[in-house]
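Notes for the one structure printed next.
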Amino acid sequence: MTHRDQKHRGLSFHGSLLDSSAAQTQTLFASPQYDCDVAIIGGGPAGLSAAIELKKSGIHHVVVLERESDAGGVPRHCDHSLFGFREFRRCFSGPRYAQRLTEQARKCGVDIHINTSVIALHPNAVIQLSTPGGVKKIRARKALISTGARETPRSARLISGRRPAGITTTGALQSTISFTGKKPFQNPVVIGSELVAFSSLLTCKFAGIQPVAMIEENPRITAWSSAVLLPKIFGVPLYTNTRLVEISGKQQVSSIRIRNADSTEKQLDCDGVIFTGHFIPEATLIRSSHLQFDKNSGGPVIDQYGRCSDSDYFATGNLLHPVETAGWCWAEGKQVAKNIKDSLNKVLPNANFRIPVHILDKEIHYITPQVLTLPRNGQQTQKFNPFFNFQLRFSSPVKGNLSVHSSSPHRKGDSRCKTQIASRHLGRHHVNTEYVDTEDAFPLFTKSFTSRPERRALLNIPYSNILDNLNVQGEPGINKILIRFSDCATLRL
Ligand SMILES: Cc1cc2nc3c(=O)[nH]c(=O)nc-3n(C[C@H](O)[C@H](O)[C@H](O)COP(=O)(O)OP(=O)(O)OC[C@H]3O[C@@H](n4cnc5c(N)ncnc54)[C@H](O)[C@@H]3O)c2cc1C
């Protein structure tokens with residue numbers, strides 16, 4: 001049997017690889033084909049934590065492919081504090097945090113390749129790269145995609161007016177300040193009030209920039225209520241119920257026109273505009289690949305293990321749910337690494353045994369996972385873990401009941417559905433959990449929800465109820481899961 005045959009049969013191929021990372025780098029750039037155990041695309045907090053976890057769990061050759069000049073992801077550009085509580089129990093600036101994670105990964109023996117852009121994903125975890133040495137391919141046993149998310153720029157927001165200098169996103173502003181030390185403006189307006197909008201306030205504060213206003217379309221801010229203190233502390237007026245209508249200025253922004261809910265308009269003098277939030281997953285690779293794409297989330301379709309439609313690929317981090325904190329993405333990367341290890345050891349349920357999850361009401365913007373994989377033997381005992389549960393985003397501020405139904409035609413009217421009412425606290429949400437017992441819709445689980453757009457909402461996956469619907473051969477009697485949102489009332493806050 002040739003060495004290539006061995007690899008294709010999934011047998012160990014470590015023997016052919018050199019161990020030191022310098023030697024591995026040389027191999028990557030010197031040869032047209034390169035093999036590793038796990039290839040991680042994107043060296044942000046999610047990718048790095050997955051890489052560290054995989055190395056710690058004994059996976060031999062873990063490669064991180066990062067297109068920028070260093071690993072660390074978005075925090076590398078965020079030159080302000082508030083990173084690292086969950087990971088290091090300490091508060092770091094973004095660049096320091098990114099450096100810490102990168103150092104930790106390197107110490108564990110993770111092979112980090114910078115200035116290396118992944119340009120295509122192929123079946124069998126064959127990945128095409130653009131490297132300083134030209135276009136290459138690597139073949140991994142499993143690949144993890146953690147390419148993050150980016151903000152929607154002005155061009156995609158259809159704001160009328162001129163195109164002067166001084167219009168940016170938080171990400172671009174943070175990079176400019178971190179890497180060039182230059183200030184693109186002195187008195188900008190911040191558009192949006194998602195968590196990252198407050199990150200832009202912090203960036204301005206650290207750089208000696210004084211924003212003239214913060215503007216939010218909705219009646220209240222999108223981030224946690226307590227965040228309103230920050231503009232107050234920094235002396236930045238916050239206008240809610242207000243929309244940006246037009247940007248003026250020839251060379252540099254000179255003013256903007258804003259309109260509030262009763263249609264009165266006002267001009268604000270400023271020399272810049274910072275667009276924040278409205279995140280979109282960095283999913284160009286997914287769209288151009290064989291992997292199934294979810295138009296609701298804008299990312300890949302995954303099951304509850306983070307596994308894509310091709311089970312050689314996994315996904316994690318902000319690519320799945322723009323946008324979470326770095327700490328959340330770090331924790332999720334760690335979890336998905338455990339799933340990848342289980343998958344390499346062939347102990348994850350068969351990926352072909354999948355039940356799609358459908359959103360029925362427009363109030364739900366997206367949900368992950370978009371498919372559930374059920375075990376053939378009917379044994380699925382997972383303790384509560386947010387990364388194994390449904391994560392949702394709503395499209396507007398909502399209050400109502402979210403329910404999980406199964407569509408299982410041959411079990412309709414079956415009275416084995418249980419009734420149980422429970423109440424508990426789940427993170428910031430107060431949850432009333434109710435297992436309902438009606439014949440027609442086959443409901444599995446209902447939960448009352450109060451949430452706002454761009455905010456994480458978690459819903460327990462009712463495994464035991466789903467497993468109750470497996471038929472005697474262990475085949476799913478369910479052909480899809482339906483997620484409903486009912487009794488909806490738009491929140492007036
Ligand atoms: C502007 C902004 C400010 C923020 N401020 C805060 C804050 O103050 N506190 C906080 O906790 N969180 C903050 N966040 C959120 C936090 O930065 C992210 O949650 C976290 O970085 C997400 O980690 P990630 O690994 O999923 O993605 P990212 O950090 O985005 O990392 C993705 C990596 O993938 C690489 N990549 C993408 N495509 C390719 C490709 N084709 N080939 C190779 N590499 C590729 C990118 O270069 C990047 O390094 C902020 C986010 C943004 C956008």
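Just so you know, all these numbers are worked out from the coordinates, no wet-lab data involved. All figures in this text were calculated on a predicted structure; none of them were measured in a lab. Note that we place each Cβ from the backbone using ideal geometry, even for glycine, and neighbour counts take in every protein chain shown.
Please give the net charge around residue 248, taking every other residue with its beta carbon less than 15 angstrom from that of residue 248, where Lys and Arg add +1 and Asp and Glu add -1.
Details: positive: 154, 162, 163, 250, 257, 259, 266; negative: 246, 265, 269, 271.
Value of the local net charge: +3.
Using 28 Å as the Cα-Cα cut-off, could you pick out the over-long pairs in 55/346; 295/447; 55/136; 56/480; 183/232? Working shown, then result.
Numbers: 55/346 18 Å; 295/447 25 Å; 55/136 24 Å; 56/480 37 Å; 183/232 23 Å.
Pairs exceeding 28 Å: 56/480.
Taking amide hydrogens as modeled 1.01 Å from N in the peptide plane, which residues meet the under 5 Å criterion relative to residue 364, leaving out close sequence neighbours?
395
For the range 288-379, just list the percent of Cα-Cα distances falling in each 10 Å bin from zero outward, please.
All Cα pairs considered, the percentages come to 16, 47, 32, 5.
What does the net charge come to around residue 259 if you take all other residues with beta carbon closer than 14 Å to its beta carbon, with K and R at +1 and D and E at -1?
Net local charge, residue 259 excluded: -2.
Order the peptides 340-348, 69-77, 110-118 from the highest to the lowest mean number of other Cβ atoms within 10 Å of their residues.
Working: 340-348: 15.9, 69-77: 22.7, 110-118: 20.9.
Ranked by mean Cβ neighbours within 10 Å, highest first: 69-77, 110-118, 340-348.
Give the shape of the range 120-212 as rounded, prolate or oblate, defined through the alpha-carbon gyration tensor: a ≥ b ≥ c are the square roots of its eigenvalues, a/c under 1.5 means rounded, and otherwise the shape is prolate if a/b is larger than b/c and oblate if not.
Values: a/c = 2.52, a/b = 2.29, b/c = 1.10.
Since a/c reaches 1.5 and a/b is larger than b/c, the shape of the range 120-212 is classed as prolate.
Quick one: Karplus J couplings for the range 119-134, per residue in order, coefficients 6.51, -1.76, 1.60, θ = phi - 60°, nearest Hz, x for Gly and Pro?
Once rounded to whole Hz, the list reads 10, 7, 10, 10, x, 6, 6, 8, 10, 9, 10, 10, 10, x, x, x.
In whole Å, what are the Cα extents of the range 237-335 along the three principal axes, biggest one first?
54, 28, 28 Å, listed from the longest principal axis down.
Listing 325, 169 from the residue with the fewest other Cβ atoms within 10 Å to the one with the most, what is the order?
Working: 325 18, 169 23.
Ranked by crowding around the Cβ, least crowded first: 325, 169.
Local charge sum around residue 123 (other residues, Cβ-Cβ under 10 Å, Lys/Arg +1, Asp/Glu -1)?
On the way: positive: none; negative: 310, 312.
Around residue 123, the charge tally is -2.
Mind listing the long-range amide H neighbours of residue 165? Cut-off is under 5 Å, sequence gap 5 or more, other chains count too, H placed in the peptide plane at 1.01 Å from N.
252, 253
Given H placed 1.01 Å from N in the peptide plane, which residues other than close sequence neighbours of residue 61 have an amide H under 5 Å from its amide H?
37, 38
Can you give the convex hull volume of the alpha carbon atoms of the range 153-277 per residue, in Å³?
Working: hull volume 11.8 nm³, N = 125.
Spread over its residues, the Cα hull of the range 153-277 gives 94 Å³ apiece.
For residue 486 paired with residue 347, estimate the spin-label separation in nm (one decimal), with each label point 7 Å from Cα along the Cα-to-Cβ line.
4.1
Whole-Hz ³J(HN,Hα) for each residue in the range 39-54, computed from phi via Karplus 6.51 cos²θ - 1.76 cosθ + 1.60 with θ = phi - 60°, x for glycine and proline: what do you get?
Going residue by residue, I get 9, 10, 9, x, x, x, x, 5, x, 5, 5, 5, 4, 5, 4, 5 Hz, with x marking Gly and Pro.
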